[in-house]
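**Q** My questions will all concern the structure given below.
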Ligand code: HEM
């Protein structure tokens, strides 16, 4: 046989025989470390870059491949210590603990870092800029626009705007919300603000006090939120009048008084914001009050994914549920505080005569005519009907 | 104004009420998450 042909065949054979292992090295970036992390992986992780860690997550030993018990590593059953630690690291190993509860079996949970960092950075910043911003804006508004006065001055005659139980409900809601806000902010900013200025002991005492108040006063907030909803929902259904009101800027920005019934469009926005955000903050708060008992994010994310086509994670560890509840609780609460500060402004210093509605319950008739003309007409028609109607009915109604 | 102060007072009363009710219901994290063999106090 031709020696050249044999040589060429041999070269061809060797090339093909060796190529697959070349190809493997080219596609597997961790071939040089035998499948373990490379320097690039470690550096990428240190820089906070996204590293696909499936190669470690899935590398948890293989009992089928175990050496016999007489072998050098036989007693470990095909799983090395490193394999076991990887299992712990990715919460993917059967852990037995004497403590009860779903969280006890999770020994390492790296989602905790993003929870901590989001809370320490974005949430604190958002809270500081948001709350600071609205305070500056309201102060500026006060100096530019001034207090909204009753045109032509008060009439001296009054009309009942809110009944005793309505004001009671409002002030339970307001008192509890303000206390929840203050104590919540102490808990959010304690480490960043109180410790550097007053030290650990002051922060410790304040945090202890705050969490007690926060946990217990929350019930008043939840009950009064339900009460407020039931009392006022019928006056807060949006209608055509609201659109007109909004187009006129509510008469706050421009001049003139748009028509309004009991609540104008601006108040309806405050009402629905209070109800919806209040319900959301209550639900996430309950989830935090009873740790691991009321997980709601995996389910919510699942619904959102199917309705909105988003890709939120739906397979959440017990801790992750709590972390999402905690972040969401803070985001919703701060959004609410920002809006409520504007409400407090307009209900007190911002508008002459407004506070009386919640103070004594009696407002000046002229104030009522300017801000809620159609409501005044309705009330007066009702009064006229009841005094003009049969006396027994109006007596019984009282 | 009287209603407002009454509401604030009731808020405090209900908060203490919530505390006493809840702390007697055995719902604290310590109680729900420790095994029966753990002595808490
Ligand atoms: C010192 C704080 C507060 C003051 C001075 C205040 C004042 C008022 C006044 C005067 C009204 C009646 C407005 C009208 O006559 O139509 C009102 C209504 C209302 N308040 Fe407050 N409020 C305060 C805090 C709060 C808080 C903290 C909340 C909720 C968390 C709240 C929720 C509401 C709601 C939902 C209404 C009905 C809708 C509206 O009028 O905007 N208030 N408030």
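The values are calculated or read from the model by the stated rules, or taken from the named source; none is laboratory data. These numbers were taken from a predicted model, which means no experiment stands behind them. We place every Cβ from the backbone using ideal geometry, glycine too, and count neighbours over all the protein chains shown.
**Q** Quick one: which residue in A:274, A:310, A:335 is surrounded by 18 or more Cβ atoms within 10 Å (Cβ to Cβ) and either free of Cβ contacts under 8 Å to residues at least 60 places away in the same chain or within 24 Å of residue A:216 (Cβ to Cβ) (or both)? Don't jump to the end; show me each part of the working.
**A** On the way: A:310 fails: surrounded by 18 or more Cβ atoms within 10 Å (Cβ to Cβ); A:335 fails: surrounded by 18 or more Cβ atoms within 10 Å (Cβ to Cβ).
The unique qualifying residue is A:274.
**Q** Within the range A:151-161, identify whether any single residue is closer than 30 Å to residue A:384 by Cβ, within 14 Å of chain B (Cβ to nearest Cβ) and not in a helix (DSSP H, G or I), and answer yes or no.
**A** For the range A:151-161, residues closer than 30 Å to residue A:384 by Cβ, within 14 Å of chain B (Cβ to nearest Cβ) and not in a helix (DSSP H, G or I): present.
**Q** For the range A:45-126, give me every one of the helices (runs of 4 or more DSSP H) that falls completely inside it and has 1 or more residues that are surrounded by 12 or more Cβ atoms within 10 Å (Cβ to Cβ), over 29 Å from the mean Cα position of the chain (by Cα) and touching a residue at least 12 places away in the same chain (Cβ under 8 Å).
**A** Values: elements: A:54-57, A:81-89, A:111-118.
Those helices (runs of 4 or more DSSP H) span A:54-57, A:81-89.
**Q** Right, here's the next one. Out of A:175, A:184, which single residue is crowded, with 20+ Cβ neighbours inside 10 Å and more than 11 Å from the ligand (Cβ to nearest atom)? Working first, answer last.
**A** Details: A:175 fails: more than 11 Å from the ligand (Cβ to nearest atom).
Sole residue among the options that is crowded, with 20+ Cβ neighbours inside 10 Å and more than 11 Å from the ligand (Cβ to nearest atom): A:184.
**Q** So residue B:9 passes all but one of these: (1) modelled with pLDDT of 90 or more; (2) more than 12 Å from the chain's Cα centre (by Cα); (3) within 9 Å of chain A (Cβ to nearest Cβ). Which condition number does it fail?
**A** Condition (3) is where residue B:9 drops out.
**Q** Among the numbered criteria (1) within 16 Å of the ligand (Cβ to nearest atom); (2) in contact (Cβ under 8 Å) with a residue 12 or more places away in the chain, which one does residue A:168 miss?
**A** (2)
**Q** Testing residue A:223 on (1) surrounded by 20 or more Cβ atoms within 10 Å (Cβ to Cβ); (2) over 14 Å from residue A:179 (Cβ atoms); (3) facing chain B (nearest Cβ under 10 Å), one condition comes back false. Which one is that?
**A** (1)
**Q** Which of the following residues is surrounded by fewer than 16 Cβ atoms within 10 Å (Cβ to Cβ) and in a helix (DSSP H, G or I): B:14, B:38, B:21?
**A** B:21
**Q** While we're on this one: Can you confirm whether residue A:273 is within 13 Å of the ligand (Cβ to nearest atom), more than 22 Å from residue B:22 (Cα to Cα), at pLDDT 95 or above and in the same structural domain as residue A:357 (by TED's automatic domain parsing)?
**A** Yes; evaluated as a whole, the condition is true for this residue.
**Q** Output yes when any residue across the range A:40-48 is touching a helix residue (DSSP H, G or I) at 6+ places or on another chain (Cβ under 6 Å) and at pLDDT 80 or above, and no when none is. Don't jump to the end; show me each part of the working.
**A** Filtering the range A:40-48 for residues touching a helix residue (DSSP H, G or I) at 6+ places or on another chain (Cβ under 6 Å) gives none.
Looking for residues that are touching a helix residue (DSSP H, G or I) at 6+ places or on another chain (Cβ under 6 Å) and at pLDDT 80 or above, one finds none in the range A:40-48, hence no.
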